[in-house]
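Engineer: A single structure is presented below for examination.
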Amino acid sequence: MGRDEGFHRRLTVITGFMLLISAVLIARLLSFQFRMDPAVKSRLESQAQNRYSQTVEVYPNRGQIYDRNGNLLAVNSFEYRIGISPNQVVNRAETARKLAPLIDVPEDEIYRKLQPGPDGKLSTYVLLKPVVGFEAGQAIMDLELPGMVIEPLPTRIYPEGELTAQLVGIFRDSDASRTRRGYWGVEGFYQTLLAGQSKKVTTSAIPVLQEAASITRVRDGIDLVLTIDRDLQFLAQEILNWAVQREQATGGTILIMNPRTGEILAIANYPMFDPNSLTPENIQRARNPAIADVYEPGSVFKIITMAMALQAGTHDETWSYNDPGCFNPGGTRICNWDGAAHGNQTFIDVFVNSWNTGTSTIFMQMAQQLGGPYAVYDMLKEFGIGSPTGVDLEGEAAGILPEPGDLDWNEAQFFTTSFGQGVAVTPLQMLTAANAIANDGLIMQPHIVKKRIDGNEVIETRPAATHRPISVEVAHRARDIMVRIVEDPASLDKYEFTRFKVAGKTGTAQIPIPGGYDPSGSIASFVGFLPADDPVVSVLVKLDRPINYWGSQAAAPVFQELVERLVVLMEIPSDQERYQLIAQGGDPFSREY
Amino acid sequence: MGSDERQSWIQHTFQPPGRDQRQLVATLSLIVIVAILIGALYLIQTTTTTTTARQLQEMSNYRARLERENERLRAEIAQLESLPRLMTRAAELGFRPATDDDIDYIVVEGYRYNRPQATPTPTPLPAPPTQVYDETLSGWFAKQWDALRRQFDEWQNEG
């Protein structure tokens, strides 16, 4: 009995002791739940949050770029960034062996990266290769190796390659960060629209919650349809490459526009830019010389002088002057291209024969009759000279138009400007100004985006007029003189366009160097449009340092060669057929141009 | 249940040792069984949810991969249709670019080309925003009420 009593007493003590411990534990648990130190609680919550969720930026699909006929010029694809979490790798040797050939990194280097650090701990992330191609990335995914971190990186493919690279631009890493963005051309100008809107999304490691979070949509980029015609672009580039080779030129540009709408149909440049090569030498060619590089236009600028004089009313077709061959206005010596005097010359002769003395005299008389050179400069500005055209391409230059009061202006420049020296324009500026004559006196806003497609909504770019530097009547008179320049048997710029009436003007510009002009080379150019009486296309051809010095020998034949094939692609019937169609009440331009 | 009855039930359940404890054991067993059942149900539900979620995640990853492959294929098609490639292939097949001399425009006597009149495309009206309901009792009531009202409106319109 006494033994039982002792046993019961010990049992009671043990039970009491265990109950006490249980009570302490329960009390501690309750304190964790309800009365935890706020700092500890916050830290634990933060750890839990990091363990079960992560915030990632979800990138939208970049908008695609098409030509006017729906051919893709820029399309999305993917590359991959390959990383690994060594602390999750099961078999390091096997992982290194399988990855090495796919990411083109030596096996021992990968194996070394999977080893613990100096502190003996395995790191949570190691970058193995910043960028691998699409196929390699997919192959690594198929291996299903534990610990792999495979991040898709959006990239761009340009199916037409060099053909459209300078006008489309490129998509690449920015210098400052690892994020990618568009540079130059359409990619640069429309970066915000093309990029869309990314979103920071907090995803949970708990799968069901992650699914709920990932249904949040980001805003994809807007697709762009350009005014560029891929066929015309190819033709222009092919002709330019041929011309550069034939003339042994250092560079060149062919620009094709619709003067009625301001649409840019093709921009071909030489040298070309390869969008798939990122060497510094190649990257330097990424900018578009047709909008970014200025040059002294030379005699093609005389068509602006002609239109201004007609518009101002200071000169007309009956005006004439005595050509001295050379003269010295404003302290500078100005000579004709042949240096010879030609006696009495009419207003039309000045432009048909491209007399520098004639345009200088016209400018001088305009300044005298209009109350000073400022009025003449104001008219030049109306043609957009000295200001950017506002084209929707990144990297446009404004051109140079020194005016009275500027440090780099002198009186001689006023006279030389009349024949395109001492003033600098981009090829786009020059053709846009010439388009005023083709388009009944109206300058249309040059543009390269025809439509923006945002989901089901299509936003068309409406043609917009920016200036009216000349009246309809003056535009027609100037156009007729430009036709004479091409057709007149006495003209140096006479060309055979038997089936079409073409309006045009050549230019031979000297190349400025410090202290004067380079005598060893020229910039040969031609500006023209057709059909002259109802223009649907205008063209600028420019060749840098051709072997034939004169624009009439180097650039005009290129224009002729281009037009022969251009009219086929654009379905422009010959004048005779067009007039027959019009006589029947038909519309010769059934195709939209 | 009155307070006397509750008192007698408590006394009856927690009666001192030596008395019949069958009811206590039965009650405790019932509680344990119910707890086990609830636990089992919870485990089954959690397992099913997790499995489904894993499947959803895998499908989501697969979808993303297919989308990327689709983009890649689109790019490949565009590259195969690129103009420099087509021109090379056409030249190999003996084609050459047409010139103006190769084309004859035929003027058909009396034919009048009628350009179709351009009609502006109407911009589609934005769809009315979909009502969002939350997963609460009031949300459920709102949903049912809206459905009933919609049916009533449709019936009224038909009438």
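Coordinate-derived values only; no laboratory data. All values derive from a computational prediction rather than experimental measurement. Here Cβ is always computed from backbone atoms with ideal geometry, including for glycine, and neighbour counts include all displayed protein chains.
Engineer: Wrap a convex hull around the Cα atoms of segment B:22-97, take a quarter of its surface area, and give that in square nanometres.
Structural biologist: Working: hull surface 26.8 nm².
Here the figure is 6.7 nm², rounded to one decimal.
Engineer: Let me ask another. In Å³ and rounded to a whole number, note down the convex hull volume per residue for the Cα atoms of segment A:76-158. Mind showing how you got there, number by number?
Structural biologist: Numbers: hull volume 6.9 nm³, N = 83.
Hull volume normalised by residue count: 83 Å³.
Engineer: Additional query: Give me the number: length gained by fully extending A:Ile400 to A:Gln33, i.e. 0.36 nm times residue separation minus the C-alpha to C-alpha distance, one decimal in nm. Each step should come with its number before you reach the end.
Structural biologist: Numbers: separation 367, 0.36 × 367 = 132.12 nm, distance 7.56 nm.
Once the chain is fully extended between A:Ile400 and A:Gln33, it gains 124.6 nm.
Engineer: Could I ask something else about it? Where does each of A:451-464, A:320-333, A:419-432 land if you order them by average Cβ count within 10 Å, highest first? Let's see the in-between values first.
Structural biologist: Details: A:451-464: 12.9, A:320-333: 15.0, A:419-432: 26.4.
In decreasing order of mean packing, A:451-464, A:320-333, A:419-432 become A:419-432, A:320-333, A:451-464.
Engineer: Dividing the alpha-carbon radius of gyration of chain A by 2.2 N^0.38 Å (N being the number of residues), what value is obtained? Numbers along the way, then the final one.
Structural biologist: Working: Rg = 36.0 Å, N = 593, 2.2 N^0.38 = 24.9 Å.
So the Cα radius of gyration is 1.44 times the expected 2.2 N^0.38 Å.
Engineer: Is any residue of segment A:223-256 close enough, with backbone N under 16 Å, to a label point placed 7 angstrom from the Cα of A:Asp454 along the Cα-Cβ axis, and if so, which?
Structural biologist: A:223-225
Engineer: Can you run phi through the Karplus equation (6.51, -1.76, 1.60; θ = phi - 60°) for segment B:69-74 and list ³J(HN,Hα) in whole Hz, with x for Gly and Pro?
Structural biologist: 5, 4, 4, 5, 5, 4
Engineer: Can you list residues whose amide H is under 5 Å from A:Glu79's amide H, if they're 5+ apart or on another chain and H is modeled 1.01 Å from N?
Structural biologist: A:Leu153, A:Thr155
Engineer: Could you please rank A:Phe273, A:Phe500, A:Phe301, B:Phe141, placing first whichever residue has the fewest other Cβ atoms within 10 Å of its Cβ?
Structural biologist: On the way: A:Phe273 24, A:Phe500 18, A:Phe301 29, B:Phe141 11.
In order of increasing Cβ crowding within 10 Å: B:Phe141, A:Phe500, A:Phe273, A:Phe301.
Engineer: Once you have the Kirkwood Rh of segment A:230-583 from its Cα pairs, apply Stokes-Einstein at 10 °C and 1.306 mPa s and quote D in µm²/s.
Structural biologist: Numbers: Rh = 20.5 Å.
D, rounded to a whole number, is 77 µm²/s.
Engineer: Can you list residues whose amide H is under 5 Å from A:Asp454's amide H, if they're 5+ apart or on another chain and H is modeled 1.01 Å from N?
Structural biologist: It is A:Ile459, by chain and number.
Engineer: What does the convex hull of the alpha-carbon atoms of segment A:287-380 project to on average, in nm²?
Structural biologist: Values: hull surface 28.1 nm².
The number I arrive at for segment A:287-380 is 7.0 nm².
Engineer: Return the FRET efficiency for the residue pair B:Leu137, A:Ile150: r is the Cβ-Cβ distance, R0 is 35 Å, and the value is rounded to the nearest 0.05.
Structural biologist: Values: r = 44 Å, r/R0 = 1.27.
For R0 = 35 Å, the calculated efficiency reads 0.20.
Engineer: Put +1 on the Cβ of every Lys and Arg and -1 on every Asp and Glu Cβ in the protein assembly as shown; which of A:Val58, A:Leu29, A:Gly521 then has its Cα farthest towards the positive end of the dipole?
Structural biologist: A:Leu29
Engineer: Quick one: what are the phi-derived ³J(HN,Hα) couplings along segment A:266-272, Karplus 6.51/-1.76/1.60 with θ = phi - 60°, whole Hz, x for glycine and proline?
Structural biologist: 7, 9, 10, 10, 9, x, 8
Engineer: A further question follows. Given H placed on each backbone N at 1.01 Å, which residues far from A:Gly251 in sequence or on other chains put an amide H within less than 5 Å of it?
Structural biologist: Here A:Asp544 satisfy the definition.
Engineer: Now for a separate question. Among A:Ser31, A:Ser538, which comes first, then next, by fewest other beta-carbon atoms within 10 Å? Each step should come with its number before you reach the end.
Structural biologist: Numbers: A:Ser31 11, A:Ser538 25.
If I rank by nearby Cβ atoms, fewest first, I get A:Ser31, A:Ser538.
Engineer: Residue by residue through A:71-79, how many Cβ atoms from other chains fall within 10 Å of the Cβ on average?
Structural biologist: Values: counts 4, 7, 2, 2, 8, 5, 7, 7, 0.
Counting Cβ atoms of other protein chains within 10 Å of each residue's Cβ and averaging gives 5.
Engineer: Residue by residue through segment A:393-405, what is 3J(HN,Hα) from phi via Karplus (6.51 cos²θ - 1.76 cosθ + 1.60, θ = phi - 60°)? Round to whole Hz and write x for glycine and proline.
Structural biologist: 9, 6, x, 6, 9, 8, x, 10, 9, x, 10, x, x
Engineer: Can you give the FRET efficiency to the nearest 0.05 for A:Ile547 and B:Ile103, using r as the Cβ-Cβ distance and R₀ = 41 Å? Don't jump to the answer; show the numbers that get you there.
Structural biologist: On the way: r = 33 Å, r/R0 = 0.81.
Efficiency at R0 = 41 Å is approximately 0.80.
Engineer: Counting pairs of Cα atoms in segment A:451-512, how many percent are more than 20 Å apart? Could the numbers behind the result be given before it?
Structural biologist: On the way: 1082 of 1891 pairs.
Value for segment A:451-512: 57 percent of Cα pairs lie more than 20 Å apart.
Engineer: For the pair A:Gln365 and A:His476, what calculated FRET efficiency results from E = 1/(1 + (r/R0)^6), where r is the Cβ-Cβ distance and R0 = 25 Å, to the nearest 0.05? Please list the in-between numbers first.
Structural biologist: On the way: r = 23 Å, r/R0 = 0.92.
So the FRET efficiency works out to roughly 0.60.
Engineer: Next question. Once you order the gyration tensor axes a ≥ b ≥ c over the Cα atoms, which shape class does segment A:13-127 get: rounded for a/c under 1.5, otherwise prolate or oblate by comparing a/b with b/c? If you can, show how the numbers build up before the last one.
Structural biologist: Numbers: a/c = 4.60, a/b = 1.87, b/c = 2.46.
Verdict is oblate for segment A:13-127.
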